[in-house]
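Following: one structure in structure tokens, then a few remarks.
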There are 2 protein chains.
Amino acid sequence: MATSATTPNTLLLKNPSIFKPSTSGIHIFPITRATAAKPISIKCSHSATVVAPPTPASAQDRVFNFAAGPATLPENVLRKAESELYNWRGAGMSVMEMSHRGKEFLSIIQKAESDLRKLLDISDDYAVLFLQGGATTQFACVPLNICKPEDPVDYIVTGSWGDKAFKEAAKYCKPNVIWSGKPEKYTGIPAFDELDQNPDARYLHICANETIHGVEFKDYPTPKNKDAVLIADMSSNFCSKPVDVSKFGIIYAGAQKNVGPSGVTIVIIRKDLIGNAQGITPVMLDYKIHADNNSLYNTPPCYGIYMCGLVFEDLLAQGGLVEVEKKNIKKAQILYDAIDESKGFYRCPVEKSVRSLMNVPFTLEKSELEAEFVKEAAKEGMIQLKGHRSVGGMRASIYNAMPLAGVEKLVAFMKDFQAKHG
Amino acid sequence: MATSATTPNTLLLKNPSIFKPSTSGIHIFPITRATAAKPISIKCSHSATVVAPPTPASAQDRVFNFAAGPATLPENVLRKAESELYNWRGAGMSVMEMSHRGKEFLSIIQKAESDLRKLLDISDDYAVLFLQGGATTQFACVPLNICKPEDPVDYIVTGSWGDKAFKEAAKYCKPNVIWSGKPEKYTGIPAFDELDQNPDARYLHICANETIHGVEFKDYPTPKNKDAVLIADMSSNFCSKPVDVSKFGIIYAGAQKNVGPSGVTIVIIRKDLIGNAQGITPVMLDYKIHADNNSLYNTPPCYGIYMCGLVFEDLLAQGGLVEVEKKNIKKAQILYDAIDESKGFYRCPVEKSVRSLMNVPFTLEKSELEAEFVKEAAKEGMIQLKGHRSVGGMRASIYNAMPLAGVEKLVAFMKDFQAKHG
């Protein structure tokens with residue numbers, strides 16, 4: 001079975017120069033947080049009292065949160081939200097209190113959509129929808145909107161999420177798994193030219209990044225049927241790097257990894273695919289309803305959309321997704337290097353060319369030490385490092401908002417831990 | 001056609017004593033806001049400079065928001081959320097960043113459920129679910145979970161929302177409208193003993209309070225079929241008064257009127273009704289999935305649930321729903337009185353015994369003045385008074401969190417406006 005791509009399709013290998021610190025773009029690493037976390041070393045003679053410079057309580061208290069989602073958000077975004085929570089920009093109310101049809105909230109959702117279009121260079125051929133229910137709701141929406149009950153569709157299953165998407169689709173059409181990574185414990189991605197696609201399939205579905213297994217598509221397959229479309233669940237690598245949206249019929253993503261709090265699902269859909277929902281489709285799962293109403297058919301998750309908008313602004317201010325990807329590659333690189341250079345003390349099971357920039361699963365050779373690893377790391381303010389219950393071990397999720405300092409601290413901890421227990 | 005109940009089933013009429021200011025219970029009226037809104041009248045001789053006492057900027061800036069939802073939230077809840085946004089109770093992160101499976105968020109959702117159970121005295125025979133998608137998603141969930149495709153069910157339609165619920169159900173079972181208020185422009189509620197219920201109906205559905213039309217059930221009908229259940233959309237009067245949950249099979253409500261921001265839907269369902277979803281039910285619309293996983297099957301709308309929890313705490317601190325209802329009755333009473341005593345200058349079309357305590361629609365005899373009314377009110381910091389586009393006129397939504405001072409200010413404005421234009 002082919003478990004690796006035949007072409008060097010990984011950015012981790014393709015462009016080593018971008019591992020160097022970037023000299024362009026705006027960097028908003030929370031320096032105060034990183035330094036606050038380190039012990040202050042001050043040499044003093046005699047018994048003079050030395051007072052450490054004051055650090056804001058918030059910076060001292062903040063943890064490095066490696067959760068897989070909901071996940072860490074940019075500090076400056078949180079500070080902005082904090083400052084606007086009670087009274088948004090002089091409106092006399094919180095965003096949480098605004099009518100979704102009032103001019104204030106309309107300006108928020110329109111700006112969020114416009115900024116997302118800039119970030120991903122989304123053309124007018126695509127609708128951008130802000131929905132609810134997570135990717136799991138989209139597992140049903142996709143076949144309900146794109147297929148008739150007898151239509152065949154193809155799924156590439158590279159992890160638990162792709163598998164869930166496939167199983168849900170079986171309620172509404174005739175899905176077929178054309179490749180599964182399960183026999184290899186979801187550690188690879190197939191070579192695209194070896195895929196046995198159904199020429200009549202209405203779509204080809206992938207999960208662009210498997211959050212649990214840490215497997216990420218670095219390039220994308222093309223549906224064999226020229227009338228079919230590629231559909232991707234991008235929940236856990238959405239807006240982590242540039243993506244050529246025109247290759248896809250639908251991209252969908254829960255916001256709670258890279259772009260906001262939970263409760264918002266973003267759908268980017270080519271407009272000609274809208275309007276063919278099966279008769280049994282709940283009105284809230286019909287893309288046409290939401291597209292015709294600019295995501296305001298009923299009350300949307302307004303505050304979550306506002307938060308996504310703040311994150312989009314922040315990503316643009318960083319220089320857009322090209323710059324964001326550089327940072328993500330650098331963070332992932334130092335973590336994977338630490339694992340690979342540990343002489344087997346740490347192990348990442350994922351095939352190197354398709355390792356995720358977002359979710360880094362790893363195990364300890366001495367698995368009996370894993371609980372201690374997680375516990376000791378938490379004591380040092382690095383939390384949520386336990387692997388998903390279905391795979392065990394550890395997992396460090398290092399989304400856009402995880403600062404380099406967080407990954408550096410984790411790597412330093414890993415080396416210390418190995419020195420103690422190696 | 002019967003448009004009014006035959007029994008005096010309205011609390012507006014039943015207990016006049018509760019219109020008096022309560023001397024018990026905890027009252028958290030934001031006095032500073034009310035006083036700040038009034039012009040300060042100071043007599044001074046000669047030319048001495050008189051400086052008004054300083055008012056907190058927030059109190060000065062805050063509007064009275066009469067939106068139908070999302071709607072005004074309690075000021076103390078917003079202040080609490082503001083203070084905890086960046087770092088929740090020393091956890092080192094925002095609630096928006098917390099893993100939904102971490103101990104911090106589990107404590108939040110468990111407390112929210114426990115407090116809601118206290119507020120509504122919900123027995124262990126019922127599950128409490130925190131879902132997504134609004135009441136509109138429940139319009140499909142209810143028949144998908146409770147019926148087979150051939151099952152007849154009954155709908156009482158007292159406004160636009162009940163009508164939408166009925167139409168969605170037609171996709172999944174055989175619904176029948178056994179009473180509609182449409183011929184009377186949704187201004188009444190039927191006498192229950194005149195209802196022509198289908199003895200085989202699996203359930204009887206009502207919308208307990210019609211947000212657009214301002215019609216509210218003051219008592220509840222009983223299904224004729226003893227194996228059937230009563231199901232209520234309580235989105236716009238949820239937690240505004242005590243409710244005997246044991247009369248219902250399912251109560252559902254979008255949070256964004258009385259108990260939180262948009263993006264959270266609360267479902268209270270009798271446990272024996274769970275587990276019979278039709279095969280075509282999307283996994284996210286299956287109550288059993290959510291009940292078996294304590295609302296954590298996938299990532300829930302964590303921040304919204306946190307906000308609901310803060311509101312529940314606040315409602316309990318006010319003395320629970322008995323006290324909350326007293327305040328709501330008082331607010332509604334002074335507003336309806338102002339309308340009814342205007343000698344026809346203002347008119348509320350709703351039959352008196354079923355007028356909503358939450359949503360007060362009214363029109364001007366001189367309809368050409370309505371735009372000016374809305375505009376002038378906004379100038380005085382009272383916003384979102386325009387009626388729903390489907391009915392016109394004005395609507396004042398006066399949910400739990402609308403302070404008495406807001407209604408008093410509106411009533412004063414109405415009298416001034418009438419004096420000018422009457």
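Relative to a virtual label point 7 Å from the Cα of B:GLU184 in the Cα→beta-carbon direction, which members of the range B:212-233 show backbone nitrogen distances below 13 Å? Zone members listed by number: B:215-217. Between the Cα long axis of helix A:404-421 and the first principal axis of chain A there is an angle of about 70°, rounded to the nearest 10. Legend: mean number of C-beta atoms from other chains within 10 angstrom of residue C-beta atoms, peptide A:61-69, equals 5.
Once divided by 2.2 N^0.38 Å, the Cα radius of gyration of the range B:247-289 becomes 1.33.
Along each principal axis, taking the top coordinate minus the bottom one, the Cα set of the range B:152-305 gives 44, 32, 27 Å in descending order.
Taking θ as phi - 60° and the Karplus parameters 6.51, -1.76 and 1.60, the scalar couplings of the range B:226-237 work out to 5, 8, 8, 10, 8, 10, 10, 7, 10, 3, 9, 9 Hz in sequence order, x denoting glycine and proline. Kirkwood hydrodynamic radius of the range B:122-239, from the reciprocal of the average inverse Cα-Cα distance over all distinct pairs: 14.5 Å. Each distinct pair of alpha carbons in the range B:295-349 adds a 1/r term; the inverse of their mean, the Kirkwood radius, is 14.3 Å. For chain A, the mean residue ellipticity at 222 nm estimated from helices alone is -10000 deg cm²/dmol, where every DSSP H run of n ≥ 4 contributes -39500 (n - 2.57) and the total is divided by all residues, rounded to the nearest 500.
Taken along its three principal axes, the alpha carbon spread of the protein assembly as shown comes to 86, 80, 49 Å, from the longest extent down to the shortest. Solvent-free Debye calculation, one equal scatterer per alpha-carbon of chain A: log10 I(q)/I(0) at 0.08, 0.13, 0.14 Å⁻¹ equals -0.46, -1.17, -1.32.
Convex hull volume of the Cα atoms of the range A:228-267, normalised per residue: 54 Å³.
As a quick test, which of the pairs A:LYS331/A:LYS375; B:LYS182/B:LYS257; B:LYS111/B:LYS352; B:LYS167/B:LYS218; B:LYS226/B:LYS257 have an alpha carbon distance above 30 angstrom in this structure? Pairs exceeding 30 Å: B:LYS111/B:LYS352; B:LYS226/B:LYS257. For chain A, the relative contact order comes to 23 percent (Cα pairs under 8 Å, sequence separation of at least 6). Ranked by the mean number of other Cβ atoms within 10 Å of their residues, highest first, the peptides B:386-392, A:412-418, A:88-94 fall in the order A:88-94, A:412-418, B:386-392. Between amide H atoms placed 1.01 Å from N, distances below 5 Å from A:LEU131 occur with A:THR265, A:ILE266, A:VAL267, all of them 5 or more places distant or on a separate chain. Straightening the chain between B:LYS352 and B:SER246 buys 35.4 nm, computed as 0.36 nm per residue apart minus the Cα-Cα spacing. Evaluate Rg over Rh across the range A:258-386, taking Cα atoms for both radii and Kirkwood's formula for Rh. With Rh from the inverse mean 1/r over Cα pairs, Rg/Rh is 1.11.
Counting, for every residue in A:277-289, the Cβ atoms of other protein chains within 10 Å of its Cβ and taking the mean gives 5. Rounded to the nearest 5, the antiparallel percentage of DSSP beta bridges internal to the range B:75-317 is 45%.
Remark: label point of B:LYS80 defined 7 Å out from Cα along the Cα-Cβ vector; separations to the same position in other copies 2.8 nm, ascending. Our summary gives the range B:287-422 a relative contact order of 22 percent, counting only alpha carbon pairs under 8 angstrom and 6 or more residues apart. A straight Cα-to-Cα reach below 12 Å connects B:LYS271 with the aspartates and glutamates B:ASP124, B:ASP125, B:ASP292, residues fewer than 8 places away in its own chain not being considered.
Across identical copies of the chain, A:GLU368 has label-point separations of 9.1 nm, listed in ascending order, with the point defined 7 angstrom from Cα along Cα→Cβ. For the pair the range A:188-230 / the range B:149-167, the C-alpha centres are spaced 42 Å from each other. Distant-in-sequence amide contacts of B:HIS213, defined by a placed amide H-H separation under 5 Å and a gap of 5 or more residues or a different chain, comprise B:SER160. Computed from phi, the 3J(HN,Hα) profile of the range A:186-201 under the Karplus parametrisation 6.51, -1.76, 1.60 (θ = phi - 60°) reads 6, 10, x, 9, x, 6, 5, 6, 9, 6, 9, 6, 6, x, 9, 4 Hz, with x in place of Gly and Pro. Listed by chain and number, the aspartates and glutamates whose C-alpha is less than 13 Å from the C-alpha of B:LYS164, apart from same-chain residues fewer than 8 away, are B:GLU210, B:ASP233.
Of all DSSP beta bridges confined to the protein assembly as shown, the antiparallel ones make up roughly 55%.
Per the Debye formula on identical point scatterers at the alpha carbon atoms of the range A:146-185, with no solvent, log10 I(q)/I(0) at q = 0.34 Å⁻¹ is -1.14. For the pair A:TYR220 and A:ALA419 in one chain, pulling the backbone fully straight at 0.36 nm per residue adds 67.6 nm over the alpha carbon distance. Straight-line reach from A:LYS174: taking Cα to Cα under 12 Å and skipping same-chain neighbours fewer than 8 places apart, the aspartates and glutamates in range are A:GLU150, A:ASP151, A:ASP154, A:ASP200. Near A:ALA396, the amide H atoms lying under 5 Å from its own belong to A:VAL360, A:PHE362; only residues 5 or more places off or on other chains count, and H is placed 1.01 Å from N.
Just so you know, the Cα atoms of the range B:194-276 work out to an Rg and Dmax of 13.3, 39 Å. Rounding to the nearest 10 and keeping the result within 0 to 90°, find how far the Cα-based axis of helix B:134-146 lies from the longest principal axis of chain B. In chain B, helix B:134-146 runs at an angle near 20 degrees to the longest axis. Across the range A:320-421, counting alpha-carbon atoms alone, Rg and Dmax equal 13.0, 42 Å. Distances between copies at A:LEU106, taken between label points 7 Å from Cα along the C-beta direction, are 4.6 nm in increasing order. Residue by residue along B:384-391, Cβ atoms of other protein chains within 10 Å of the local Cβ number 1 on average.
Bear in mind that the values in this text are calculations on the coordinates, not laboratory data. Everything quoted here is computed from the prediction, not taken from an experiment. FYI the Cβ positions are ideal-geometry reconstructions off the backbone, even for glycines, and counts take in every protein chain you see.
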